[in-house]
Amino acid sequence: MSDMKLVVVGAAGRMGRTLVRIIAETQGAVLAGAVEREDSPHLGQDAGVLAGTGPNGVLVSSDTLPVFARADGVLDFTSPAATVGFAAYAAQAHVVHVIGTTGCSADDEAKIQAAARHTPIVKSGNMSLGVNLLGVLVKQAARALDADFDIEILEMHHRHKVDAPSGTALLLGRAAAEGRGIDLAGHSVRVRDGHTGPRPEGAIGFATLRGGSVVGDHSVILAGAGERIVLSHHAEDRAIFARGAVKAALWAHGRKSGLYSMLDVLGLA
Ligand code: NAD
């Protein structure tokens, strides 16, 4: 089979540059396009030069549809508004859409779900093997330990991150809620400030730290009377997310339309 032709949208971003580098290292995948926003200072630049891998002849463009039309898949780590637009374009062009963007609203999710009727979409708040495995372990732990164990999720990211809690913290929160057989939205405590009163029983709490260059640290703490279990993941390099995203694209190539997760890709569902 010929190489899967991939487009990186947000190609000048932190994840975009990493994706361009990882595609160059991956057998069975080739970079077919690089897209940035219309006002990006990087339009017309060589995506390989931007990524630090040397020129590859793929110039950064904002002309999305023609770029999508000559591709098999799109890797998208941008912003919620951009991702919703790209999902519609990917559906129109019938190309695989891998979405790593976090911070999507319920309305955004509904639009992505609608696009998935026309093309395969893989979406995950974290594309790494380690975090997806951690999610499975958190679900098991939350199921095994009853509500006497309070669940708190702590995350830290670099100073540029714009959404909170992180997509990964929410993914881990959902895993814990599934283990407990409860709905996350109805049980999560996202912020604490001032006189909060005692902790509501069965709540899943979130705490957010921001600073420096941290790629992504997550801990799920199950705190009981007299003991505490801590399940953690530390991302040291963005390459783990990029490798997962490319793997997801190759996995989804030729699959029927639908919304898939990294658990499907990794066989952990
Ligand atoms: P970034 O700000 O460095 O990069 C985002 C890029 O998208 C920028 O270059 C920006 O110009 C571009 N962009 C924005 N709107 C666009 C549009 N309409 N058209 C084309 N390009 C557009 O951010 P980042 O650190 O690379 O993170 C991007 C997203 O990926 C965030 O939501 C982040 O939380 C998420 N993320 C997810 C994972 C995961 O595994 N799921 C891992 C890391 C980051």
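The values are calculated or read from the model by the stated rules, or taken from the named source; none is laboratory data. Quantities reported herein were computed from a predicted structural model and do not represent experimental measurements. Positions of Cβ are backbone-derived with ideal geometry, glycine not excepted, and every protein chain shown enters the neighbour counts. These area figures cover heavy atoms from the full protein model, side chains too; ligands, DNA and RNA do not enter into them. Shrake-Rupley method; radii C 1.70, N 1.55, O 1.52, S 1.80 Å.
I'd like the full set of residues that are open to solvent by less than 30 Å² (accessible area, probe 1.4 Å) and of a type outside the set (S, T, N, Q), limited to segment 37-70.
Those that are open to solvent by less than 30 Å² (accessible area, probe 1.4 Å) and of a type outside the set (S, T, N, Q): ASP46, ALA47, GLY48, LEU50, ALA51, GLY54, VAL58, VAL60, VAL67, PHE68.
Would it be correct to say that THR26 is of a type in the set (Ser, Thr, Tyr), away from the ligand (no atom under 11 Å from the Cβ) and within 23 Å of the chain's Cα centre (by Cα)?
Numbers: of a type in the set (Ser, Thr, Tyr): yes; away from the ligand (no atom under 11 Å from the Cβ): yes; within 23 Å of the chain's Cα centre (by Cα): yes.
In short, yes.
Could you grab me the full set of residues in segment 79-106 that are in a loop (DSSP other than H, G, I, E, B), more than 12 Å from the ligand (Cβ to nearest atom) and open to solvent by less than 30 Å² (accessible area, probe 1.4 Å)? Don't jump to the end; show me each part of the working.
Pass one, segment 79-106, residues in a loop (DSSP other than H, G, I, E, B): 79, 94-95, 100-105.
Subset that is more than 12 Å from the ligand (Cβ to nearest atom): 94-95, 105.
VAL95 - this is the single residue of segment 79-106 that is in a loop (DSSP other than H, G, I, E, B), more than 12 Å from the ligand (Cβ to nearest atom) and open to solvent by less than 30 Å² (accessible area, probe 1.4 Å).
Could you tell me whether ARG21 is in contact (Cβ under 8 Å) with a residue 40 or more places away in the chain and open to solvent by 30 Å² or more (accessible area, probe 1.4 Å)? Spell out the reasoning first.
Working: in contact (Cβ under 8 Å) with a residue 40 or more places away in the chain: yes; open to solvent by 30 Å² or more (accessible area, probe 1.4 Å): yes.
The answer is yes for ARG21.
Please pick out the residue among ARG192, ARG199 that is assigned to a loop (DSSP other than H, G, I, E, B), over 17 Å from the mean Cα position of the chain (by Cα) and surrounded by 13 or more Cβ atoms within 10 Å (Cβ to Cβ).
Working: ARG192 fails: surrounded by 13 or more Cβ atoms within 10 Å (Cβ to Cβ).
None of the others qualify; the one that does is ARG199.
For segment 62-78, state whether one or more residues are in contact (Cβ under 8 Å) with a residue 12 or more places away in the chain, away from the ligand (no atom under 12 Å from the Cβ) and charged (D, E, K, R).
Within segment 62-78 (the criterion being in contact (Cβ under 8 Å) with a residue 12 or more places away in the chain, away from the ligand (no atom under 12 Å from the Cβ) and charged (D, E, K, R)), the answer is yes, since at least one residue qualifies.
So ARG143 fits all but one of (1) away from the ligand (no atom under 16 Å from the Cβ); (2) more than 25 Å from VAL265 (Cβ to Cβ); what number is the exception?
(2)
What do you reckon, is ALA177 crowded, with 16+ Cβ neighbours inside 10 Å and within 16 Å of the ligand (Cβ to nearest atom)? Full working, then the answer.
Working: crowded, with 16+ Cβ neighbours inside 10 Å: yes; within 16 Å of the ligand (Cβ to nearest atom): no.
Criteria not met by ALA177.
When you go through ALA142, ALA147 one by one, which is the residue that is among the small types (Gly, Ala, Ser), more than 20 Å from ALA245 (Cβ to Cβ) and buried (at least 23 other Cβ atoms within 10 Å of the Cβ)? Break it down into steps so the answer makes sense when it comes.
Numbers: ALA147 fails: buried (at least 23 other Cβ atoms within 10 Å of the Cβ).
Every option except ALA142 fails the conditions.
Say we look at segment 107-123 and pick out the residues that are open to solvent by 10 Å² or more (accessible area, probe 1.4 Å) and closer than 24 Å to VAL220 by Cβ; which of these is nearest to the ligand (Cβ to nearest atom)?
Among them, the one singled out is LYS123.
Keeping to segment 149-184, report how many residues are over 21 Å from LEU137 (Cα atoms) and either among the β-branched types (Val, Ile, Thr) or in a helix (DSSP H, G or I) (or both). Quick ask: steps written out before the conclusion?
First, pick out the residues of segment 149-184 that are over 21 Å from LEU137 (Cα atoms): 157-164.
Checking the rest, the ones that are also either among the β-branched types (Val, Ile, Thr) or in a helix (DSSP H, G or I) (or both) come to 162.
Residues flagged as over 21 Å from LEU137 (Cα atoms) and either among the β-branched types (Val, Ile, Thr) or in a helix (DSSP H, G or I) (or both) within segment 149-184 amount to 1.
Restricted to segment 1-18, and to residues that are under 20 Å from THR101 (Cβ atoms) and touching a strand residue (DSSP E or B) at 6+ places or on another chain (Cβ under 6 Å), which residue is surrounded by the most Cβ atoms within 10 Å (Cβ to Cβ)? I'd like the intermediate steps shown before the answer.
Quick first cut of segment 1-18, residues under 20 Å from THR101 (Cβ atoms) only: 6-18.
Going one step further and asking which of them are touching a strand residue (DSSP E or B) at 6+ places or on another chain (Cβ under 6 Å), we end up with 6-9, 11, 16.
Details: LEU6: 28, VAL7: 30, VAL8: 32, VAL9: 29, ALA11: 29, GLY16: 26.
Only one residue fits best here, namely VAL8.
On the basis of being outside any strand (DSSP E or B), under 19 Å from ARG180 (Cβ atoms) and aliphatic (A, V, I, L, M), does VAL131 make the cut? Please lay out each step first, then the result.
Working: outside any strand (DSSP E or B): yes; under 19 Å from ARG180 (Cβ atoms): no; aliphatic (A, V, I, L, M): yes.
Criteria not met by VAL131.
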